[in-house]
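The values are calculated or read from the model by the stated rules, or taken from the named source; none is laboratory data. This is a predicted model, so every value here is computed, not measured. Counting neighbours? That spans all protein chains shown, and the Cβs are built from the backbone with ideal geometry, glycine included.
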């Protein structure tokens, strides 16, 4: 089975064309080698898929005959993604917390002055 079709059948991607695009862009590796969408996959091979800033690591257990339901996906693949990959995305969420609401526009003059005052008052000075 082609790798783009396999990723679509195990519900890694919503459509087969999205899976094909991911392969073309280099987001999919088979046994640590970038692959084209038409590459054949076999049982026991390892796939690495970069999706939503997470490197998913999968092992092929079986080849499904067609697209399977979400409950049956684990019969055909084994997810070996380390938990640190998911914790990294949590850290990214905390890093994106802003003092302003998203879509509020650029800072006003008052906001800019407050930021400058904050930076001046919180500079690190080593004690000698």
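Quick check on my filter: what residues within the range 29-39 are touching a helix residue (DSSP H, G or I) at 6+ places or on another chain (Cβ under 8 Å) and either assigned to a loop (DSSP other than H, G, I, E, B) or at pLDDT 95 or above (or both)?
Selection gives 35, 36, 37, 38, 39.
For the range 14-41: of the residues being touching a residue at least 24 places away in the same chain (Cβ under 8 Å) and within 14 Å of residue 56 (Cα to Cα), which is surrounded by the most Cβ atoms within 10 Å (Cβ to Cβ)?
Here the answer is 28.
Can you say whether residue 93 is surrounded by 11 or more Cβ atoms within 10 Å (Cβ to Cβ) and not in a loop (DSSP other than H, G, I, E, B), as far as the supplied structure shows?
Judged against the criteria, residue 93 is not a match.
Among the numbered conditions (1) loosely packed, with under 10 Cβ neighbours inside 10 Å; (2) under 27 Å from residue 10 (Cα atoms); (3) at pLDDT below 90; (4) out of contact with any helix residue (DSSP H, G or I) (no Cβ under 7 Å at 6 or more places or on another chain), tell me where residue 105 comes up short.
So the condition that residue 105 fails would be (2).
Could you tell me whether residue 52 is more than 28 Å from residue 87 (Cα to Cα), surrounded by fewer than 16 Cβ atoms within 10 Å (Cβ to Cβ) and modelled with pLDDT under 95?
So residue 52 does not fit the description; no.
Check whether at least one residue in the range 58-79 is without any contact (Cβ under 8 Å) to a residue 60 or more places away in the chain, surrounded by 10 or more Cβ atoms within 10 Å (Cβ to Cβ) and over 13 Å from residue 10 (Cβ atoms), and report yes or no.
no
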